[in-house]
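J.: Next up is a structure, given as structure tokens.
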Amino acid sequence: MLPEPTFNSYLMLSAVLFTIGTAGVFLRRNLITILLSVEVMLNAVNLTFVAADRYHRAIDGQIIVFFVMTVAAAEAAVGLAIVIALFRHKETLTPDAFTSLKW
């Protein structure tokens, strides 16, 4: 029988997921991959909230996770709409092709 994961193991897993997401945002050159990396980062934060919620035996973490999931769903919908619009305009998904959007 496997031992039950500790609070620190949840925090370590969350840190690894957040690092993978951060690396994906900074290293990948595709807008879809960048959006997916942001989702990985949000899920890492959600894991931390749920672990802290379980550790402190409170329900606040689950409520915050609900709001984070709502914001993540809205971010995904708006982000994908923007990516589709940009792809229709330039026919590429590399962020460097959209430098004309900067001020």
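Please treat every number below as a calculation from the coordinates, not as lab data. Just so you know, these numbers come straight off a predicted model, no measurement behind them. Heads up, the Cβs are rebuilt from the backbone with ideal geometry, glycines too, and the neighbour counts pull from every protein chain shown.
J.: Compare the peptides 42-52, 78-88 by average per-residue count of other Cβ atoms within 10 angstrom and give them in order, highest first. Write down the numbers at each step before the final one.
T.: Details: 42-52: 18.5, 78-88: 12.5.
Packing proxy ranking, top to bottom: 42-52, 78-88.
J.: List, in order, the whole-Hz ³J(HN,Hα) value for each residue of the stretch 36-41 obtained from phi through the Karplus relation with A = 6.51, B = -1.76, C = 1.60 and θ = phi - 60°; use x for Gly and Pro.
T.: Whole-Hz 3J(HN,Hα) from phi for the stretch 36-41: 5, 5, 5, 5, 4, 5.
J.: Another one. Once Lys and Arg get +1 and Asp and Glu get -1 on their Cβ, which of PHE98, PHE66, GLY24 lies farthest toward the positive end of the dipole of the chain?
T.: Going by the charge dipole, the pick is PHE98.
J.: Also, I was wondering about something else. Please name whichever of LEU47, GLY79, SER9 sits farthest to the positive end of the charge dipole of the chain, dipole taken about the Cα centre and charges placed at Cβ: Lys and Arg +1, Asp and Glu -1.
T.: Farthest towards the positive pole: GLY79.
J.: In whole Hz, what ³J(HN,Hα) sequence does the stretch 70-75 give by Karplus (6.51, -1.76, 1.60; θ = phi - 60°), x for Gly and Pro?
T.: 5, 5, 5, 5, 5, 4
J.: Convert each backbone phi in the stretch 80-87 into a coupling constant with the Karplus relation 6.51 cos²θ - 1.76 cosθ + 1.60 (shift: θ = phi - 60°), then list the ³J(HN,Hα) values in order as whole Hz, x for Gly and Pro.
T.: 5, 5, 5, 5, 5, 5, 5, 5
J.: Something else: Between ALA58 and ARG28, what is 0.36 nm times their sequence separation minus the Cα-Cα distance? Round to one decimal in nm.
T.: Working: separation 30, 0.36 × 30 = 10.80 nm, distance 3.77 nm.
Length gained, ALA58 through ARG28: 7.0 nm.
J.: Using DSSP to define loop residues, name the GluC sites (Glu not before Pro) in the stretch 19-103 whose beta-carbon has at most 10 other beta-carbon atoms within 10 Å.
T.: On the way: sites: GLU39, GLU75, GLU91; in loops: GLU91.
Those satisfying the criteria are GLU91.
J.: Which value, in debye to the nearest 20, gives the size of the charge dipole of the chain about its Cα centre, when Lys and Arg are +1 and Asp and Glu are -1 at the Cβ?
T.: In debye, rounded to 20, the chain gives about 280.
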